[in-house]
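Written out below as structure tokens is the structure these notes cover.
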Amino acid sequence: MLSYFINGISLGSVYAIIALGYTMVYGIAKMLNFAHGDVIMIGGYMAFCSTAYLGWPAIPSVLFAILVCTVLGVIIEKLAYKPLRDASSLAVLITAIGVSYFLQNAALLIWSSNPKAFPNMVKFPNLVIGDIQISSVAIVTIIACIIIMIVLTLFTTKTKMGKAMRAVSEDKGAAQLMGINVNATISMTFAIGSGLAAIAGVLLCSAYPTLMPTTGAMPGIKAFTAAVFGGIGSIPGAMLGGILLGIIEIFAKAYISTQLSDAIVFAVLIIVLIVKPTGLLGKKISEKV
Amino acid sequence: MDNIKRKYSKKTISSFINYGIVIAFFLVLQILSVTGHLGSSMKGQLIPICSYIIMALSLNLVVGISGELSLGHAGFMSVGAFSGVVAASSLADAVPNGIIRLLIALMVGALFAGLAGMVIGIPVLRLQGDYLAIVTLAFGEIIKNVLNCLYVGADSKGLHFSLKDQQSLHMESSGKVILSGPMGALGITKLSTFFIGIVLIILVLFYIQNFVNSRPGRAIAAIRDNRIAAEACGIPVTKYKLMAFVTSAAMAGAAGALYALNYSTVVPKKFDFNTSILVLVFVVLGGIGNLRGSIIAATVLTILPELLREFQDYRMLVYAVVLILVMLITNNEKAMEYLRKTIKKLLKSKSEGRHTT
């Protein structure tokens with residue numbers, strides 16, 4: 001029971017980290033970045049390549065993955081999303097889907113569709129308390145998630161850049177008038193979101209060590225629902241949504257049905273949205289006529 | 001010409017052009033395939049193109065005319081496909097005529113998908129924008145997941161259902177399994193024909209074009225343009241939204257049945273999130289709310305991967321780049337202006353060339 005709970009929190013932490021990327025980008029650019037799941041996959045491959053081919057130790061290869069994904073995120077934003085800043089949200093959505101196809105197929109060409117066995121990056125022994133065994137990956141994931149949560153909260157409340165980000169997500173026009181560089185802020189958001197995606201990719205692949213070009217797709221969709229679950233645009237909401245989703249998924253798998261676990265996760269999401277249409281921690285926006 | 005213009009409104013003429021395009025498409029392909037100019041891979045694409053066109057048209061009813069983003073349209077296609085297959089397979093002895101069986105399957109598919117649309121639509125349509133999108137996505141995934149576990153068998157006593165495995169169907173030894181969970185439907189008799197597909201497209205087109213100009217259609221457009229104002233005018237918002245959603249789901253169900261009965265096996269995984277997105281791409285690239293655009297985009301984008309065969313492994317990459325570029329160019333004023341000018345120039349130089357010779 002307790003081990004399920006910890007596994008749930010661990011999986012949920014990964015979802016939470018991915019969901020942060022979705023929610024930050026949504027908050028600031030008001031777009032659903034469907035390519036986010038594929039950035040996770042690229043992060044996983046980068047860490048895989050640097051350890052398996054170049055023989056780098058764990059920490060430099062994770063940093064390398066973060067660097068590549070950050071740069072990738074900024075490039076994607078500049079090339080594909082920036083020209084569409086004033087276009088309809090559907091146009092941006094389709095472009096994001098195009099980027100997602102592009103990344104998946106580029107990965108397919110470079111690394112082929114054969115699943116790669118992800119190297120074990122966490123070299124600690126598993127924690128054993130009584131008759132419960134907790135995998136070291138789960139512990140590292142949870143710790144990483146807590147650190148990211150604290151750093152991100154400090155960043156958005158204390159630093160100038162973080163405050164600028166919140167200002168832009170509140171009101172783009174007013175932020176610009178206050179002398180905030182909106183474009184730089186949006187790029188920064190994409191950079192942070194993609195860097196987080198790289199971390200999530202490494203953690204995800206450490207927990208489920210098969211790497212394929214489609215690895216990021218399903219966690220991406222689930223993390224996206226997690227972001228909505230918690231109230232899209234809200235950073236604590238993404239955290240809460242991600243962790244709850246992970247716990248629900250693990251418990252559904254353990255006690256109800258493995259095959260139907262995804263259906264149960266989505267059903268819970270639907271019930272939450274019907275009861276509280278803006279998600280758990282979402283702000284209610286009153287409509288004006 | 002002036003007479004025609006006076007007699008029929010612009011909209012009617014535009015509708016007739018749409019029927020014309022579909023019929024011309026049918027005739028051209030039929031002639032090509034009879035004379036043997038059509039490759040076997042293209043021939044195999046004909047019925048999928050028909051069902052994708054219907055999918056795009058039906059999604060356009062939700063996205064374009066009702067203005068709601070739905071990301072789970074493949075779920076309805078899936079419901080239609082599998083209920084259609086179950087109907088067609090279980091009626092194999094009772095209704096020997098293939099065409100009639102196909103028509104029954106299409107109707108059963110539409111009925112069940114419409115019911116699914118109603119079950120989903122009643123709670124969901126209270127949400128708006130991105131929240132509605134995510135809930136439809138979630139429902140699409142739930143439908144896929146449940147169908148992935150669904151076993152259906154038929155024997156002399158009737159249909160048997162189970163969510164566990166084949167054994168728990170408790171069938172007579174003579175019974176046959178129609179759906180077997182993740183393996184999907186096996187041994188389907190191919191019933192779909194290109195002609196029926198085209199007829200179905202025309203019916204759907206006829207329905208949507210008339211629906212848009214009807215009282216409910218105008219009400220739905222009013223809700224899309226300004227929900228609060230429409231509500232204030234006494235339009236029952238939920239009723240009309242649900243009407244568009246259920247109709248669209250039923251059409252997608254018919255498209256699904258048409259699609260499934262073209263293959264010998266169909267798996268539930270086929271109708272996943274990517275299929276929903278594919279159809280949404282048809283609608284957006286064709287122009288939201290533009291039916292003709294949907295038809296053309298669905299056709300071109302289904303054939304495009306086939307045409308890109310010479311790029312081999314790169315074809316999906318090229319597809320992605322084309323998709324991004326088209327979105328960037330069509331949303332860029334300057335690029336569109338430049339494009340219009342060059343096309344005008346090209347046309348001019350051609351006509352001038354004709355004058356001098």
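The values are calculated or read from the model by the stated rules, or taken from the named source; none is laboratory data. No experiment lies behind these values; they were computed from the predicted model shown. Here the Cβ is made from the backbone with ideal geometry for all residues, glycine too, and neighbour counts use every protein chain on show. Surface accessibility is based on the protein's heavy atoms, side chains included, excluding ligands, DNA and RNA. Shrake-Rupley method; radii C 1.70, N 1.55, O 1.52, S 1.80 Å.
A few points about this structure:
- Anisotropy class of the stretch B:2-314 from Cα gyration tensor, a/c 1.5 cut: oblate
- C-alpha center-to-center spacing [the stretch B:84-135, the stretch A:101-132] in angstrom: 39
- The stretch A:149-289: C-alpha gyration tensor shape, a/c 1.5 cut-off, then a/b vs b/c: oblate
- Per residue of peptide A:87-100, the mean number of Cβ atoms on other chains within 10 Å of the residue Cβ is 6.
- For chain B, modelled as a GNM whose springs connect Cα atoms under 10 angstrom apart, the maximal fluctuation among B:Tyr314, B:Tyr52, B:Tyr131 occurs at B:Tyr314.
- Under 5 Å, built H, 5+ apart or other chain: amide partners of B:Val266: B:Ala185
- Under the span-like rule (Cα at least 18 Å along the axis, Kyte-Doolittle mean at least -1.0), DSSP H helices of chain B: B:10-34, B:40-60, B:73-90, B:98-124, B:129-149, B:194-212, B:237-260, B:273-286, B:291-307, B:315-330
- Sequence-separation-based contact order of chain B, relative, with Cα cut under 8 Å and 6+ spacing, percent: 28
- Where B meets A: accessible area buried, both sides, 1.4 Å probe, Å²: 3700
- Distant-in-sequence amide H partners of A:Gly216 (H built 1.01 Å from N, under 5 Å): A:Met41
- Compared with the dominant principal axis of the Cα atoms in chain A, helix A:235-251 is inclined by about 30°.
- Considering only the Cα atoms of the stretch A:103-199, their convex hull presents on average a projected area of 10.1 nm².
- Exceeding the 22 Å Cα-Cα cut-off - candidates A:Lys78/A:Lys158; A:Lys222/B:Lys270; A:Lys82/B:Lys241; A:Lys82/A:Lys172: A:Lys78/A:Lys158; A:Lys82/B:Lys241
- Relative to the Cα centre, the charge distribution of the protein assembly as shown, modelled as +1 at Lys and Arg Cβ and -1 at Asp and Glu Cβ, gives a dipole magnitude of about 1920 debye.
- GNM flexibility winner over chain A from A:Thr210, A:Thr189, A:Thr23 (Cα, springs under 10 Å): A:Thr210
- Cα-based radius of gyration of the stretch A:2-275 once divided by 2.2 N^0.38 Å, which approximates compact folds: 0.99
- Between the stretch B:41-74 and the stretch A:210-280, the alpha-carbon centres lie 28 Å apart.
- In degrees, nearest ten, helix A:89-111 long axis to first principal axis of chain A (Cα): 30
- Among A:Phe118, A:Phe224, A:Phe102: highest mean-square fluctuation, GNM of chain A, C-alpha pairs under 10 Å: A:Phe102
- Nearest-ten-degree value, helix A:2-29 long axis tilted from longest Cα axis of chain A: 20
- Cβ-defined net charge surrounding A:Gly220, 15 Å radius [Lys, Arg +1; Asp, Glu -1]: -4
- Part-to-part distance (alpha-carbon centres) for the stretch A:75-90 and the stretch A:1-70, which is given in Å: 23
- Heavy-atom accessible area per residue - the stretch A:167-289, 1.4 Å, Å²: 41
- Sequence-ordered 3J(HN,Hα) estimates for the stretch A:212-229 from the Karplus curve with 6.51, -1.76 and 1.60 and θ = phi - 60° stand at 9, x, 9, 3, x, 4, 5, x, x, 4, 5, 5, 4, 5, 4, 4, 5, 3 Hz, glycine and proline given as x.
- With all protein chains modelled, accessible area of B:Arg227 [1.4 Å, Å²]: 60
- On the beta carbon distance between B:Ile23 and B:Arg218, with R0 = 25 Å, the FRET formula returns roughly 0.35.
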